[in-house]
Amino acid sequence: MSRVDFKVAETGGKPVARSVYIAAAATLIAFIAAIAAVVDLASREADRFSLAVEKNMVTLEFERLREEAAFQQADFSYWDAAVTNMARPEGPSRQFIEDEIIFDGAPELGYGWITVVDPEGAATFAVFGEQILTRPQNFAFARDNADLVARARERYRAKRVLTENGYITPEIHGRHIPDIHVAAIRSFNGQPTLITAQVIVPESEDAALKDGQEFVFLAEKPITAELLRETGRRLNLLEARIAPVSDNLPVTSTPLFDDGGAPTHVFVWIPDAPRPSIIAATAPVALAICLIICLVLGFIVRGHAKALHALAQSEQQLRQMASRDALTGLRNRLSFDAALAEQITSGGRFAVMCIDLDGFKTVNDTHGHQAGDAVLRTVAKRFEERLGNRGIVARIGGDEFIVLVTAGVERDELMWLGDAFVEDAAKLVEFDGAILKIGASVGVAVWPDDGKVARELIAAADQVLYDSKRKGKGRTSISGDRKPVDAPAMVPAERDVVMLKAG
């Protein structure tokens, strides 16, 4: 090559090299811009997905509160005795209100005002704590929630079934409640409140309703600041609160149910938005574009997996809370009622055992509640191991257990199992250097010999449990063997209250 050719090539190469640099720089800039756009889009999608997960968790939590209220209200308004004593033109029985609403723990369950609204829309009585008002005039609570009362009546009429004696309402399959409950989140006395309403209906045809007997049980349970803090902590939401519906609500708000009409309140919180952390993690692109892409994709996938894992954990916790006793890990009252209803529906002979711990109060009073909790956990584990796969054990009160036995229900087998439970309870429990001793009494009833519905069967088992304690405690009694005792026994409805209202 000549000198001239060399110089041409030399000078002509500079524009080519410059073009390559510019193209490379442009490509790099375009690539970085594309990555930035992808990161921006991904972080926004992560925010949207996280918000959807949080909204879903809030919805599940308030549905749990709604279902819990439905079961609690059914204890008061799905009952033949409630129809007889509260849904009557001459007004409710004051003694019934004191025994079944006040004494049995409605205030302890968090309820504020409770009333029954007659078919003309007037309140027949009102209860607040231990205070009872008879025929309160122009009662604001009933008046302000007349639409919810009307909706409860509509739901009852849609679900009721006509029998020879009048109208009854079938239970939801597998659950001891009728499908006529309505609820709403509203303000009452300046505070967000869960308001529930249900027509008082019987369990059996014996107390079937006639037209014009649509008395509605209306109750309110304040949603306290403590409950909101606990909800926010459990769902990992910051500054959780309930606010009235308005035009300037944040994105992080979810309407709360109102069966009487359009929602009037929303649940509001500060979101746990992953967008800032995503951008901060992808900013140092100097390490290498490819490495950054891998980190971004890995971070997004990890963020999505964490959100899904958090949702799955939350749903599992909600299911666990709804069906298990927090102290012993046994089934709770709601779970046992569902299992018993399913067993009755499926047919087949089975038994129910009511177990009451003897001497447990002495342990609590002498050694303290921690010792009592240790005894309950130990005895619960022994009972569950003893029963094995022959049924289920549930804790339904302080020192009260109930057992559904589905296998081995001949009399001798049931007597052996009941005596085994008594022996298990009588074994010593060591706690903090002390030796604790209790006992147990057992009452057994067999389906369908001693009762064809859950309430009758449990009442029969509870009655013979009472007989066992009258005869000296520490023994098993079977309903079919029961003989009259010298002193008058409590009527089944009174004992039934002890078992069915305790939880």
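If you go through segment 387-400 one residue at a time, do you hit one that is assigned to a helix (DSSP H, G or I) and not hydrophobic (A, V, I, L, M, F, W, C)?
The answer is no; no qualifying residue exists.
Okay, residues lined up against (1) β-branched (Val, Ile, Thr); (2) outside any loop (DSSP other than H, G, I, E, B); (3) at pLDDT 90 or above; (4) out of contact with any strand residue (DSSP E or B) (no Cβ under 9 Å at 6 or more places or on another chain):
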| position | (1), (2), (3), (4) |
| --- | --- |
| Val127 | yes, yes, no, no |
| Tyr156 | no, yes, yes, no |
| His173 | no, no, no, yes |
| Ile185 | yes, yes, yes, no |
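Could you tell me which residue of segment 136-175 is nearest to the chain's Cα centre (by Cα), considering only residues that are within 23 Å of Ser93 (Cα to Cα) and aromatic (Phe, Trp, Tyr)?
Among those residues, the one meeting the criterion is Phe141.
If a residue must be surrounded by fewer than 15 Cβ atoms within 10 Å (Cβ to Cβ) and either on the phi > 0 side of the Ramachandran plot or in contact (Cβ under 8 Å) with a residue 60 or more places away in the chain (or both), how many such residues does segment 250-259 contain?
The qualifying residues number 1.
Considering segment 100-135 alone, what residues qualify as being within 23 Å of the chain's Cα centre (by Cα) and β-branched (Val, Ile, Thr)?
Ile101, Ile102, Ile114
The rows are residues; the columns are (1) over 20 Å from the mean Cα position of the chain (by Cα); (2) at pLDDT 90 or above; (3) aromatic (Phe, Trp, Tyr).
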site	(1), (2), (3)
Pro178	no, no, no
Thr193	no, yes, no
Glu203	yes, no, no
Arg234	no, no, no
Asn248	yes, no, no
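Matching residues to (1) of a type in the set (D, E, K, R); (2) outside any strand (DSSP E or B); (3) under 32 Å from the mean Cα position of the chain (by Cα):
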position	(1), (2), (3)
Leu404	no, no, yes
Gly408	no, yes, no
Gly418	no, yes, yes
Phe421	no, yes, yes
Asp424	yes, yes, yes
Ile435	no, no, no
Val442	no, no, yes
Gly451	no, yes, yes
Glu456	yes, yes, yes
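Looking at segment 198-209, I want the residues that are among the aromatic types (Phe, Trp, Tyr) and have a partner that is buried (at least 24 other Cβ atoms within 10 Å of the Cβ) with Cβ atoms under 8 Å, at least 6 apart or on another chain. Which pairs are those?
none
So which pairs qualify, if the first residue must be in segment 222-249 and over 14 Å from Phe62 (Cα atoms), the second must be among the basic types (Lys, Arg), the Cβ gap must be under 7 Å, and the two must be at least 6 apart or on different chains?
none
Counting only residues that are among the acidic types (Asp, Glu) and buried (at least 16 other Cβ atoms within 10 Å of the Cβ), which one in segment 103-123 is farthest from Arg151 (Cα to Cα)?
The residue in question is Asp104.
Which residue, of Val363, Val429, Val375, is more than 30 Å from Lys452 (Cβ to Cβ), touching a Phe, Trp or Tyr at 6+ places or on another chain (Cβ under 8 Å) and modelled with pLDDT under 95?
One residue alone meets the criteria, Val375.
Looking at segment 158-171, which of its residues are exposed (fewer than 15 other Cβ atoms within 10 Å of the Cβ) and either closer than 29 Å to Phe103 by Cα or modelled with pLDDT under 85 (or both)?
Result: Pro170, single match.
Identify all residues within segment 353-374 that are part of a helix (DSSP H, G or I) and surrounded by 23 or more Cβ atoms within 10 Å (Cβ to Cβ); write none if there are none.
Scanning segment 353-374 gives Val363, Gly372.
Is there any pair with a first residue in segment 30-49 that is loosely packed, with under 15 Cβ neighbours inside 10 Å and a second that is of a type outside the set (Asp, Glu) whose Cβ atoms are under 7 Å apart and which are 6 or more apart or on different chains, and what are they?
Phe31/Ile289; Ile32/Val285; Ile32/Ile289; Arg44/Arg275
Within segment 431-441, is even one residue farther than 22 Å from Ile478 by Cα and free of Cβ contacts under 8 Å to residues at least 24 places away in the same chain?
Looking through segment 431-441, at least one residue is farther than 22 Å from Ile478 by Cα and free of Cβ contacts under 8 Å to residues at least 24 places away in the same chain.
For segment 137-146, indicate whether the set of residues that are in a loop (DSSP other than H, G, I, E, B) and either under 18 Å from Phe71 (Cα atoms) or among the small types (Gly, Ala, Ser) (or both) is non-empty.
No, there is no match, as no residue in segment 137-146 is in a loop (DSSP other than H, G, I, E, B) and either under 18 Å from Phe71 (Cα atoms) or among the small types (Gly, Ala, Ser) (or both).
When segment 67-99 is examined, which residues are found to be part of a helix (DSSP H, G or I), within 22 Å of the chain's Cα centre (by Cα) and buried (at least 18 other Cβ atoms within 10 Å of the Cβ)?
Ala69, Ala70, Phe71, Gln72, Gln73, Ala74, Asp75, Phe76, Ser77
Looking only at segment 338-352, filter to residues that are out of contact with any helix residue (DSSP H, G or I) (no Cβ under 7 Å at 6 or more places or on another chain) and assigned to a helix (DSSP H, G or I); which one of those is modelled with the lowest pLDDT?
Ser346
Can you spot a residue in segment 219-227 that is closer than 20 Å to Asp179 by Cβ, out of contact with any Ser or Thr (no Cβ under 8 Å at 6 or more places or on another chain) and assigned to a loop (DSSP other than H, G, I, E, B)?
no
Looking at this structure, is Asp258 over 30 Å from Ile102 (Cα atoms) and not basic (Lys, Arg)?
no
So which pairs qualify, if the first residue must be in segment 361-372 and closer than 14 Å to Thr328 by Cα, the second must be part of a helix (DSSP H, G or I), the Cβ gap must be under 7 Å, and the two must be at least 6 apart or on different chains?
That search, which allows pairs on different chains as well, returns Ala371/Val363; Gly372/Phe360; Gly372/Val363; Gly372/Asn364.
So Arg48 clears everything in (1) out of contact with any helix residue (DSSP H, G or I) (no Cβ under 8 Å at 6 or more places or on another chain); (2) at pLDDT 85 or above except one condition, right? Which one?
Failed condition: (2).
The values are calculated or read from the model by the stated rules, or taken from the named source; none is laboratory data. Keep in mind that this is a model prediction, so the values were computed, not measured. Counting neighbours? That spans all protein chains shown, and the Cβs are built from the backbone with ideal geometry, glycine included.
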